[in-house]
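None of the figures in this text is laboratory data; all of them are computed from the coordinates on show. Quick caveat, the model's predicted, so the values are computed rather than measured. Cβ placement follows ideal geometry from the backbone for every residue including glycine, while neighbour counts extend to all protein chains displayed.
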Amino acid sequence: MTAFPAGTVLGYPRLGPQRELKRALEAHWAGRLDAAGLEDAARALRARTRSHLAALGLSADGSAIPEASSLYDQVLDAIVATGAVPSRFTAPGPDSVLDADGGVSLAGYFTLARGSEAHPALEMTKWFDTNYHYLVPELAPDQAFRADPSRLAAQVAEARAQGFVTRPVLVGPVTLLALAKPAADAPEGFQPLSLLDRLLPVYAELLSALREAGAEWVQLDEPALVSESLDATPAELAAAAAQAYAVLGALEARARLLVTTPYGSPSEAAWAALTAAPVEALAIDLVRGSLPAAAPGLADKTLVAGVVDGRNVWRGDLAAAFDTLEAAASLGAAAVTVGTSTSLQHLPHTVADETALDPRLVSWLAFADERVAQVTTLARGLGEGRAAIAAELDAATAALADRAAADGVRVEAVRARTAALTPADIERLPAHERAVIQQDRLALPILPTTTIGSFPQTAELRIARAQHARGEATTEAYEEVLRLEIARVIGLQEEIGLDVLVHGEPERNDMVQYFAEHLDGFAVTRNGWVQSYGSRATRPSLLWGDVSRPAPITVRWAEFAQSLSEKHVKGMLTGPVTILAWSFVRDDLALGETARQVALALRDEIADLEAAGIAIVQVDEPALRELLPLRADAQEEYLRWSVDAFRLATAGAAPETQIHTHLCYSEFGVVLDAIRGLDADVTSIEAARSRGEVIAELAAAGFDRGIGPGAYDIHSPRVPSTDEVAALLTLAAEQLPLRQVWVNPDCGLKTRAYPETIAALTHLVEATARVRETVTSDALV
Ligand SMILES: CN1c2c(nc(N)[nH]c2=O)NC[C@@H]1CNc1ccc(C(=O)N[C@@H](CCC(=O)N[C@@H](CCC(=O)N[C@@H](CCC(=O)O)C(=O)O)C(=O)O)C(=O)O)cc1
Ligand SMILES: N[C@@H](CCS)C(=O)O
Ligand SMILES: [Zn+2]
């Protein structure tokens, strides 16, 4: 048995430096690559990751390299490894996701993730306060568990054969249960955490199998222990952790255990439970979290001090990180080693790919590979003393000073504009008065139908954009492709019979990146991909300076689309909070101030859209819930500045301009007051995967604005039937005042293909017509 390595990372990007896994997955789903071909591609990527991390300085045979790949999602992997598959997927027959041996087949794995004709997919939601999405375990009181270590054990063995001793990574039992939702038929009050007793023997089997496969250390991730935003309370989570790690720690046949608590500080009770547990190492997040209390239980443990940021890209203050390491040494642990605050899965691979960025900006950055280098530098400092790494510490300090002094980081005109804001700048006429004025102008039918903005981003569009970006197509030719696409999308919506149209967003590579490309203060990357879910990735923009809008951004596309139809076409913008949430934000200015800068740029854009004759403007804020701090004491302040930023962006609009907003993947209970606070006229939300629960919540809260509860799930290629959509609409129409209800999919259609999109929207319009017929005139009073 080896000691814990001097330096490690908790995880590494999983799609590959050129998104090799994305391409293989999508080829497999499209029937162009068989299962063996997909497995080969995934194996080659794992092999590359191991040797690459070793080349970057992590020890090859000392368990420093995490075995943390996934074909789709780490929570889904834990569901499969523990056999926690909901019974709705396992009824015997051709639609079961299980193979003959009772394990989940490869096809079954993807059915759980993406759904099929027979099965709606598992719900997907945000992983803590990140833009990564995991699949939500769905558990019933009689849930069966069954250890299936095959995939992870095979990877450990595969690493051994390659000459590596790696450290398998698994979502821990407390987090797996804490993130689960009760199955639809579970009795009221059922808590998934109550299944811990039955789940632990399964983890015990997994640990023993991983040991047998050759693992010396196993990493169990327990981020639930830092969150105060889950159904279980911190005290319940800490008690579960105490029980889990007493049991798992006491096992004889097991590898050594590293338990991690990324994304913040564990609660005091959780920290007490973990330090008292018979496990060999604890990893803490010292970027978002702070130094915990010294604890006697640390005396026989290694403390992996997560001083290297796994969430943001700023090269940062390496000398301060070293100071924190030295401070961690006073907590009483047997050893302190260097780690990342979280998995590096939230970062792009390397700044070396960013040859088109200003080299000065590049010198301020560190992506995943540069973070690994920081880990190995700091580990060397711990081993050999500060003087041994003085040159690296000084270089990082110099980069910080260079950044602080650079042009554009602080722009006086931008600061003066935010400083001059007054409370009146976020007020509109009262909503009920606006509603009357807007209905006069818009003359919409009851249950107006619309979409969320994007239409399928076809291969042709993406190729045209890529050719334009590479200089192989002229701007004129590219824009002609966009105009043709907009005309086609408008024609299609007219044909299907939707009431409020959209232009389809064909000009956007991404709803945040597109705006970042048109705002001063942002830079964008060429290859800075970060996995968002499954095979999908985004390139978060780099927000490095004060933000302003040099010219209108969306106006000419909206104006063109509107010129093609008598119906209203919505202007379509991304809100300030979402622009921040899906970018790498600056660490040298309060987020609230940055949000105001972005909001003012959007306010100017809305004024220009209005001047161009656009009557409805949607400002998307799907990330409003995502940025909610995990700690309860920080939530109020966040909700204040985030809501005010949205209002600042939209409150300049005339009363007759209808402001829509859109949110997806939210647990709305928590932010319902905030949604009301946004003061939008219409809000469209995700509600399909969570089976209308949101409708009941909104009704109970007396939500009194326009509301479009997503009528079907766009994250799955499955086409909803007319009956299914009609049922959801009927539910909404029964529970909410009819005048308030809008009909729309639950998110944009950009990830879908046209055949399923046309079928689904046709069913949506048919279902609306059917429900409209059943509505009596009384209901309209
Ligand atoms: C709505 N969501 C979003 C989130 N975050 C964002 N930043 N944006 C979002 O829309 N978070 C929550 C949700 C769900 N998340 C996602 C995330 C990602 C996607 C998605 O579809 N991503 C696409 C990539 C989109 C993109 O930026 N495309 C660019 C580049 C296209 C490209 O890959 N080009 C090729 C060359 C083209 C060719 O020859 O084929 C290349 O560079 O190699 C573009 O269109 O220009 C993805 O495929 O992962 C959806 C929801
Ligand atoms: N308007 C965007 C919102 C996605 S959250 C779209 O339709 O894709
Ligand atoms: Zn959405």
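Numbers at a glance
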item: Between the range 217-236 and the range 107-155, the Cα center-to-center distance that results, in Å; result: 18 Å
item: Over 28 Å (Cα to Cα) - which of 181/570; 126/301; 22/570; 22/301; 126/750 fall in this group; result: 181/570; 126/301; 22/570; 22/301
item: Residues 481, 436, 156 arranged by fewest to most Cβ contacts within 10 Å; result: 436, 481, 156
item: Simple Cβ-charge dipole of the chain, Lys/Arg +1 and Asp/Glu -1, about Cα centre, in debye nearest 20; result: 1180 debye
item: Fewest-first ranking of 135, 347, using other Cβ atoms within 10 Å as the exposure measure; result: 135, 347
item: The range 277-315 and the range 560-593: distance between their alpha carbon centers, rounded to Å; result: 37 Å
item: Packing-based order for 359-368, 63-72, using average beta carbon neighbours within 10 Å, highest first; result: 63-72, 359-368
item: Dipole magnitude of the range 433-780, debye to nearest 20 (Cβ charges: Lys/Arg +1, Asp/Glu -1, about Cα centre); result: 560 debye
item: Rounded to 10°, Cα long-axis angle of helix 591-611 versus longest principal axis of the chain; result: 20 degrees
item: Selected from 496, 765, 30, residue furthest toward positive end of dipole (the chain; charges at beta carbon); result: 30
item: The chain: angle of helix 668-678 to the longest principal axis, Cα-based, in degrees nearest 10; result: 50 degrees
item: Counted charge near residue 347, where neighbours are those whose Cβ lies closer than 11 Å (Asp, Glu -1; Lys, Arg +1); result: -1
item: Ordering of 717-724, 437-444, 597-604, 578-585 by packing [mean C-beta count within 10 Å, highest first]; result: 578-585, 597-604, 717-724, 437-444
item: Acute angle (nearest 10 degrees) that the helix 196-213 long axis makes with the longest principal axis of the chain, alpha-carbon atoms; result: 60 degrees
item: Listed residue (291, 639, 235) projecting farthest to the positive dipole end of the chain, Cβ model; result: 291
item: Per-residue Cβ neighbour rank within 10 angstrom, fewest leading, 12, 109; result: 109, 12
item: The chain: projected area of the alpha-carbon convex hull, averaged over directions, in nm²; result: 31.6 nm²
